[in-house]
Amino acid sequence: MTNHVLRSARKKFILLILASSIGLIVFVLGTLQIVNITSLNSAIDTTELRAHISEDEAVSSYVDSQKPYEAHFVSLANTVRNQDSKRLTATIIIVAITASVIGALVSVLGVRAFMKPVEEAYQSQERFMQDAAHELRNPLAALTASVQEYHRGDDPERVIATVRRQTRRLVSITEDLLYLERSRDVELVDTDLSILLQDVIEELQPLAGTKRVRFETHIAVGIKKSIVSSDYVRMAKNVIDNAVKYSLPQSSVHVTQVLEKSQIVIEVKDSGIGIPADQLNLIGERFFRASNVGTVDGTGLGIAIVRKIARTYGGSVEIKSTPKKGTAVCIRLPH
C-alpha cells in the first residue's frame, strides 16, 4: 500500500475519532441531565420548600402568614417540579435518540471513508496483476516458442530478432503498467515546458526520419508550470510518438504549444490512418488499440497514461479523428 493511501486513510481516521469524541460529549451531557431529572423526580417537603424561599423575604413572609395552607404550597411546588421533570425527560429522550442516530451515521460514514482508500489501493493492485497477467502472456508465449525453435535448430537470426522484439514489448508493457499504478508523492518544480517539448521533438526526430515524417512546430517560448518534468515529457512523448507511428510516409506532424488565457494548450495533429468513429470513445482504455493499427508496435497504454497525467494536474485530453485523414490530440493544462 502506498504512503499516499496511508496518509489519506490516517486523516479520515482522525476525523472519525473527532466525530466520536463529539458524540461522547453529547452522551456525557445527556447523562448529567438525567441526573438532574432524577433529583427533580424526588418530592419536595416542607423543609426543602422553606430552604428554597428563605432568600426572598417577601415570599418567605407571605408563606409564614399562610402557614395553615403550607401543604397547599408544597403540593403546588411538587406539581411544577413534576411538569419540569416530564419536559426534561422528553428532551433527553429526543437528544439521546438524535445522538444515537447521528453517532451511528457518523460511524458508518467514517468507516466507509476510512476503508475507501484501502479498498482503492487493493483494487488498483488487483487490476495491475490482472492487466499484467493478461498482456504479458502473449510475449512470454512468443519467447517460449522462440526458445523451442532455437533448440530445434531453426534460423538463429530470426529467433534472436523475435526474442529481442518480444523482450522490448515486455519491458514496455511493464514500464507503462508501473507508471499507471504508481503513487503521486513528488515535489512540483517550476519548469519551462517550451524547452521540454523541444527536447521531446529532438528525441523523436530519428523515428520521424525513419518514417519520412516532418515536424512542423509552433511552440511559444517561456511557458512555465509547476510540474514534474518526467510527467510532462512522458505525456508529450506518448502523443507525438503515436502521431509519428501512425502517420503516412511523406506527411507532416504539427505540434503546437500556446498559452490561451489561463490554460496551456498542447496540440498534436497528424494526417495518418485515423481512428474508426465507433472506436474513438474507447481510445484511452487500458490495452485498447484501434482495429486499423495493423502491425504498428504499441502497448495500448499510451493514451491512458496521457489522460492520467493530465487529470493529475487538473487538465483534460480531447481527441478528434477521421479515418484515413488523421488524428488531433489536444491537451489542456491549467497555467
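We did not get these values from a lab; they are worked out from the coordinates using the rules stated. For clarity, every value in this text was computed on a predicted model and none was experimentally measured. Because the Cβ atoms are built from the backbone with ideal geometry, glycine has one as well, and the counts that use them run over all protein chains shown.
Taken over the Cα atoms of segment 272-314, the convex hull encloses 84 Å³ per residue. Plainly put, segment 134-269 has a radius of gyration that is 1.10 times its Kirkwood radius, both from alpha-carbon atoms, as the Rg/Rh ratio.
FRET efficiency for the pair Y179 and I102, taken as 1/(1 + (r/R0)^6) with r the Cβ-Cβ distance and R0 = 45 Å, rounds to 0.55. With contacts taken as Cα pairs under 8 Å at a separation of at least 6 residues, segment 189-334 carries a relative contact order of 23 percent. Normalise the Cα radius of gyration of segment 133-181 by 2.2 N^0.38 Å (N = residues in it) and let me know the number. The reported ratio for this selection is 1.28.
Within the set K269/K308; K116/K269; K116/K224; K211/K261; K211/K320; K116/K320, which residue pairs have Cα atoms separated by over 32 Å? Checking Cα-Cα distances, K116/K269; K116/K224; K211/K261; K116/K320 exceed 32 Å.
The rule of thumb for compact globular proteins, 2.2 N^0.38 Å, goes into the C-alpha radius of gyration of segment 189-334 0.99 times.
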